[in-house]
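A quick write-up on the structure given underneath.
The values are calculated or read from the model by the stated rules, or taken from the named source; none is laboratory data. Note that this is a predicted model, so its numbers are computed, not measured. No Cβ is skipped: glycine too gets one built from the backbone with ideal geometry, and neighbour counts run over all protein chains shown.
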Number of protein chains: 2
Amino acid sequence: MGELRARMAAVAEEVEAALDRILPRVQGPAARLHDAMRYATLGGGKRLRPFLVVASADLFGVPRARSVRVGAAIELIHAYSLVHDDLPAMDDALTRRGRPSCHRQYDEATAILAGDALQSVAFDLLVDPATHPDPEVRCALVSGLAVAAGPRGMCGGQMLDLLAEGRALDLEQILELQRLKTGALIGYACEAGALLGGGSAAARAALRGYAADLGLAFQIQDDLLDVTGDAEITGKDLGRDAAVGKATVVALLGVEGSRCRLEELRSSALAHLDRLEGETGVLRAVFDFVISRSS
Amino acid sequence: MGELRARMAAVAEEVEAALDRILPRVQGPAARLHDAMRYATLGGGKRLRPFLVVASADLFGVPRARSVRVGAAIELIHAYSLVHDDLPAMDDALTRRGRPSCHRQYDEATAILAGDALQSVAFDLLVDPATHPDPEVRCALVSGLAVAAGPRGMCGGQMLDLLAEGRALDLEQILELQRLKTGALIGYACEAGALLGGGSAAARAALRGYAADLGLAFQIQDDLLDVTGDAEITGKDLGRDAAVGKATVVALLGVEGSRCRLEELRSSALAHLDRLEGETGVLRAVFDFVISRSS
């Protein structure tokens, strides 16, 4: 696990440097918008999604600079979604990554705009020839990210999440919600590695399968942390799910039942990895990291 | 002018049909999100930006289906920006196109999400091979739209607009604000025609010049309507600029001074068109339509 953490930290540093270049400080009247975009994106997070791009792309020998760019694009989308999810009209979160949420640091209007602008920047990043020399690949990357982020992916999942407050969802409904809200972007992160590397349809399917298990496991662990975690370590408000009566796998299966489910997902994820050629040790280790993390 | 209106109505109908296909009604738990996206996008507006794509693309003999797709993508971005600009934290607008604004028809959270999702769908639309067979062209279309919509375009302009309330901007600052907020997307609409049609650098520059004049004229006419217009005809709240002390060209130059400015912009725009080969009569007529419209 120590080796994985070192690898993740190294990739996080490369992603941070890339994001710092992509979101430069800007002087002048629109400086506030650029500042808010930097505030929302830089200096935080585990950069799990970029790491998944890099780890998947490594299976196909993709140059690191390319996978880091795609990882940065996903991180821009992830950052925008957190800014908007934290808004008073949505989850009304006070803190994020141990700091005031973007709309508290700036104001609501600036936070809405910063999120909107981050989404545009993500797509511009993907179509730059530096991301991949083949424009067909760049188009496939754009399409994959747009679908994962849009109404049939992350935005759809957030809609379900908002509608779920105070309602009794069954397990299937919760799984669908989480497949969209968290799973779609994690799935794209893994598949993007294969897109960059020209992986076969079978390899892409195996990575999608792994990612589906990983995404759900990630969300269950997130929900477990909301129940059992430490606000100092997670850097965000805890206990909100129970407070608003939100349906989660943990609320339905209990803490022990959820831990069993994590073990089942782990077996399934590793079986998907067995179908891949190449060294999948890093992706195995990521799974274990995700289900044992404390933040 | 009657002929232009008929042409615009025909293109608007094609764009409406395309948007109706791109944003299908969806059953199931996320139906509310899809409904809000349709509410925000369908059944309204002059579809000026799509018409500009079509009129510019016609100079290069581009198949109509392609220019309509790009026009629809711009309209998705335009629609998302209206939904977000209307939010209580932004312009707090009650009505849009004669109907309740999206957050009043649904709720704030749904409106935020619908806007976010519309942006993703716009980029997915552009990279589909049906938009253009050459993936390099599709990538150029994505990049152009992302820049026009993002922090150095529309979002940057909206930031300046928010910061401008109650401040005394000079003419140069107002022009910069409007160049970004309205001009960037209108400029992209005109340039996209050349991108689709493989226009020369000179042709693209001429279209950009025309579009810059048109965009500013559009905004001045918008501000004139806010002072002199009829809420029944425009379908939105009027008199807001003066009420919040917003700096506009009209506030600075007065109604007559603004009308003179429109004439200057018209001369400049027509000079740009003179540098283009092909039949530019439609683009000339669009300019006259924009500066004489009452809604």
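What the table shows:
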quantity	calculated
Any hit, the stretch A:42-61, residues being within 21 Å of A:ASP20 (Cβ to Cβ), in contact (Cβ under 8 Å) with a residue 40 or more places away in the chain and within 14 Å of another protein chain (Cβ to nearest Cβ)	no
Boolean, A:ALA79 is within 14 Å of chain B (Cβ to nearest Cβ), farther than 17 Å from A:ALA184 by Cα and of a type in the set (Gly, Ala, Ser)	no
Selection count where residues are closer than 15 Å to B:LEU118 by Cα and of a type in the set (Asp, Glu), scope the stretch A:106-161	1
Only one of A:PRO50, A:PRO63 that is over 15 Å from the mean Cα position of the chain (by Cα) and either over 29 Å from B:LEU76 (Cβ atoms) or crowded, with 24+ Cβ neighbours inside 10 Å (or both)	A:PRO63
All positions within the stretch B:67-98 that are buried (at least 24 other Cβ atoms within 10 Å of the Cβ), acidic (Asp, Glu) and over 19 Å from B:ILE22 (Cβ atoms)	B:ASP86
Selected residue [under 29 Å from B:PRO151 (Cβ atoms), in a loop (DSSP other than H, G, I, E, B), modelled with pLDDT of 95 or more and facing chain A (nearest Cβ under 9 Å)] from B:ALA109, B:ALA89, B:ALA114, B:ALA122	B:ALA89
Residue among A:ALA65, A:ALA79, A:ALA72, A:ALA36 that is in contact with a Phe, Trp or Tyr (Cβ under 9 Å, 6 or more places away or on another chain) and of a type in the set (Gly, Ala, Ser)	A:ALA36
Test for B:LEU180: is it among the aliphatic types (A, V, I, L, M) and free of Cβ contacts under 8 Å to residues at least 40 places away in the same chain	yes
Residues within the stretch B:125-176 that are in contact with a Gly (Cβ under 7 Å, 6 or more places away or on another chain), more than 8 Å from chain A (Cβ to nearest Cβ) and either assigned to a helix (DSSP H, G or I) or not small (Gly, Ala, Ser) (or both), tallied	2
Condition check for A:LEU224: closer than 28 Å to A:VAL54 by Cα, modelled with pLDDT under 95 and part of a helix (DSSP H, G or I)	yes
Number of the exception - A:ASP35 against (1) more than 13 Å from chain B (Cβ to nearest Cβ); (2) part of a helix (DSSP H, G or I); (3) surrounded by fewer than 19 Cβ atoms within 10 Å (Cβ to Cβ)	(1)
